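**Q** One structure coming up, written as structure tokens, with questions to follow.
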Amino acid sequence: MEYQTFRGSDVHEALSAVRDALGSDALIGSTRRVTNGRAGAFGHTYVEIMAAPGRGVGGATAAEMTDSPARPQRAVPSRERFVQRAPARATQENLEQEIRQLKALVDELSHGRSPREKAQAMLNGAGIEGTLAKDLAQGSTRAARAGRGALRTWLRNRLADRIIVQPRLLERPYRQLMACVGPTGVGKTTTLAKLAARAALDLGRSVHVISLDTFRVGAVEQWKRYAELIGIPFDVARDADQFAEIVMHSNADLILVDTAGRTAEDDTPTRRLAECLERAGGMRHEILLVLPAWLRATDAERVAASYSSPKPTALVVTKLDETNEIGGVLHAALPGSTPLAYLCDGPKVPEDIHDAAVATLVDAVLPREE
């Protein structure tokens, strides 16, 4: 059973979206209130419901959960998956009442699902979907029957067993080349600047940056400023021959390569990088696929599959400060056992980059329940 995510400013609005997309007989998997953790004017909360097309057996339906008579709701197109409307500010009393209501609904609904469906619904709520969710949920029967807390602990351990990390790449004792690849706007240049600053300023290593990004307006000027601030050499390579010449004359411990963002229709940046690597004289290299933490599961799988030559050796997750749900981006790593190297949670250079750690990732995907 494939669950989908629906959101609204309150339970009624989210259920309205479920009914419009899946019908009144849709099965409700889980319901929760999500907040961005901020107070005051920057505070933001919404209700999130996991639902699947009705099968006619088991579980509560959207119609059964809807109060009668129903309040008039905004019409939602049948293909709209999310309701993205600014939530009304609720009083503390109303908020507590809704939380109690949501907890009661979760308790009621959990009786109508199989243990494996409970595990899948919990993973779906964290952004992990489809085949990966089914795979991770295998063997969860005993934990699911022991209760929600036991199931969450079991899934956290399951994730910890599957996640692979590759920390301290900058501390390797040999000379190496490190390139960042990924779609436009995911933070490749900023990630490389953080790596350059950490290697040069914190670890005392010699660093040389080469940019292959001659397409983006201002890319070269941005790197010139970074290089001047960090105190490292910077060059632009317009073709494989020029790249090979720069590498041959460089004596840096670490060569960092920036690339242009790739689109689904144009693989020029990755083909260009592959040609350059062939001319790098057999130098050891790492290809870091950079993706944002908020990427949805299907998009993460699609993007990861498009990078086959050169094949990424590790994953960097950026923009962790911009989302509360990062399970989707793991679809770029777990199916192919790709290790995670770095986590970035802000724009500061070099403060906002950290070695990937299993415990940190598990806490971010499936936080411990208070």
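**Q** Just in the range 297-370: which trypsin sites (Lys or Arg not before Pro) are loop by DSSP and have at most 12 other Cβ atoms within 10 Å? Could the numbers behind the result be given before it?
**A** Working: sites: ARG302, LYS319, LYS348, ARG368; in loops: LYS319, LYS348, ARG368.
Those that pass, being in a loop and sparsely packed, are LYS348, ARG368.
**Q** Loop only by DSSP, 15 or fewer other Cβ within 10 Å of the Cβ. Give me the trypsin sites (Lys or Arg not before Pro) in the range 120-201 that pass, ordered by residue number. Walk me through the numbers on the way to the answer.
**A** Working: sites: LYS134, ARG142, ARG145, ARG148, ARG152, ARG156, ARG158, ARG162, ARG168, ARG175, LYS188, LYS194, ARG198; in loops: ARG168, ARG175.
Listed in order of number, the matching sites are ARG168, ARG175.
**Q** Mind listing the phi-derived Karplus ³J(HN,Hα) values for the range 287-293, rounded to whole Hz, using 6.51, -1.76 and 1.60 with θ = phi - 60°, and x for any glycine or proline?
**A** So the Karplus estimates, Gly and Pro as x, are 10, 9, 7, 9, 9, x, 5 Hz.
**Q** Same structure, new question: Quick check for you: with a 1.4 Å probe and neighbouring chains kept, what is the accessible area per residue of the range 205-314, in Å²?
**A** Accessible area per residue: 49 Å².
**Q** Given the pairs LYS194/LYS319; LYS134/LYS188; LYS118/LYS319; LYS224/LYS311, which are separated by over 23 angstrom at their Cα positions?
**A** Cα-Cα > 23 Å for LYS134/LYS188; LYS118/LYS319; LYS224/LYS311; rest within.
**Q** When you count, for each residue, the other Cβ atoms within 10 Å and take the mean per peptide, how do 212-218, 117-123 rank with the highest first?
**A** Values: 212-218: 13.9, 117-123: 25.1.
Packing proxy ranking, top to bottom: 117-123, 212-218.
**Q** Now, a different point. What does the charge add up to near LEU177, with Lys and Arg as +1, Asp and Glu as -1, over the other residues with Cβ less than 9 Å from its Cβ?
**A** Details: positive: ARG175, ARG284; negative: GLU286.
With Lys, Arg at +1 and Asp, Glu at -1, the net is +1.
The values are calculated or read from the model by the stated rules, or taken from the named source; none is laboratory data. Computed from a predicted model, the values in this text were never measured in an experiment. Neighbour counts are summed over all protein chains in view; Cβ atoms, including those assigned to glycine, are modelled from backbone coordinates with ideal geometry. Remember, those area values only see protein heavy atoms, side chains included, never the ligands or the DNA or RNA. Shrake-Rupley method; radii C 1.70, N 1.55, O 1.52, S 1.80 Å.
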